[in-house]
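Readers should treat all values here as calculations from the given coordinates under stated rules, not as data from a laboratory. Every value quoted in this text rests on a predicted model; they were computed, and no experiment measured them. Heads up, the Cβs are rebuilt from the backbone with ideal geometry, glycines too, and the neighbour counts pull from every protein chain shown.
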Amino acid sequence: MASGRVRGPTLRWGLALGGAALFLLLLPAAAAQGCSQNTNRTCEECLKNVSCLWCNTDKACLDYPVTKILPPSSLCKLSSARWGVCWVNFEALIIALSVLGGALLLGVACCCCCCCCGRRPPSRRPDKSEERAAREREERRVRQEERRAEMKSRHDEIRRKYGLFREENPYARFENN
């Protein structure tokens, strides 16, 4: 019945989870140590670590202030701060992301307008002008059929008068009797 296996976390899993937690706790300290070591080196060496910020004015590699979205100006000016790549400063990054976000919002708004406002389902009941137009069309069609029938009867009378009346089936079989 019982297989003898212990259900739940075992010692092996406990050690693995504990090791991962310890690694994650020590990671910020190692990153901080790595950022300050890259001061007075190149921007590329500093930005290999994603938690570092390069200040171009004093060639300093600093820890990125993760508690704030943007680095404060006391740490480094936005025009000389680099993060991620060396060829884009924070001012250009903010402008580019703002334009991209605005374009994205504008696109979403246009899609919403097109889907919601542009494709309204047609009303179930036609309006008065459509009803009047349909009624006039039907009256014209009926009058045209009446005129067509009158003309046909008049033409048939003329054909009978002059002996030109056609038979019902002009393709009747010709028999030699």
Mark the label point 7 Å from the Cα of Val50 along Cα→Cβ and return the residues of the stretch 82-100 whose backbone N is within less than 18 Å of it.
82-88
Using the Kirkwood formula over every pair of different C-alpha atoms, what hydrodynamic radius in Å results for the stretch 56-115?
13.5
What spacing in nm lies between the two simple spin-label points modelled at Lys161 and Ser73, each 7 Å away from Cα in the Cβ direction?
10.6
Could the peptides 66-73, 48-55 be put in order, highest first, of the mean number of other beta-carbon atoms found within 10 Å of their residues?
48-55, 66-73
What does the highest-first list of 39-45, 92-98, 126-132 look like by mean Cβ count within 10 Å?
39-45, 92-98, 126-132
